[in-house]
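Step one of this worksheet: look at the structure below.
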Amino acid sequence: MVLWDYGAYPCKIKKGTLAYKIYGEEMISERHRHRFEYNNEYKQMLEEAGLICSGTSPDGNLVEIVEYKNHPFFIASQFHPEFKSRPDRPAPLFKALIKACKEKIKN
């Protein structure tokens, strides 16, 4: 985990999720530049409707990544993956999106 990145915060990823498949590890560090938060008052209702809170702060209080289990590639993050992405080292979310698009075109 990189601690010196401006705005970098840890994110714990739930095993068995698309986010875990993409990142391949349980703890990641990503950068933020905002003060928005997921409204936990709706968390249970949204999860019952199929939304998965697949990434959270280590204490579980802040939702960082959500995904929809009934969609081939619906994943959203509170952090900004573009801040750590480089031409020779694209962010995992970007690589996974391109791969999913290529698979969809091929099929």
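The values are calculated or read from the model by the stated rules, or taken from the named source; none is laboratory data. What you see is a predicted model, and the numbers here were worked out from it, not measured in a lab. Backbone-built Cβ (ideal geometry, glycine too); neighbour counts: all protein chains shown.
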### Task
Considering each of GLY50, GLY60 in turn, give the residue that is of a type in the set (Gly, Ala, Ser), without any contact (Cβ under 8 Å) to a residue 24 or more places away in the chain and at positive phi.
GLY50
### Task
Could you check the range 19-69 for strands (runs of 3 or more DSSP E) lying wholly inside it with 3 or more residues that are touching a Gly at 6+ places or on another chain (Cβ under 7 Å)?
63-68
#### Entry: Where a residue in the range 32-44 is without any contact (Cβ under 8 Å) to a residue 60 or more places away in the chain and its partner, wherever it lies, is surrounded by fewer than 10 Cβ atoms within 10 Å (Cβ to Cβ) and outside any loop (DSSP other than H, G, I, E, B), with Cβ under 7 Å and at least six apart
none
### Query
Is there a residue in the range 52-73 that is at pLDDT below 95 and within 15 Å of ALA91 (Cα to Cα)?
no
#### Entry: Residue among PHE73, PHE36, PHE79 that is out of contact with any helix residue (DSSP H, G or I) (no Cβ under 8 Å at 6 or more places or on another chain) and surrounded by 14 or more Cβ atoms within 10 Å (Cβ to Cβ)
PHE79
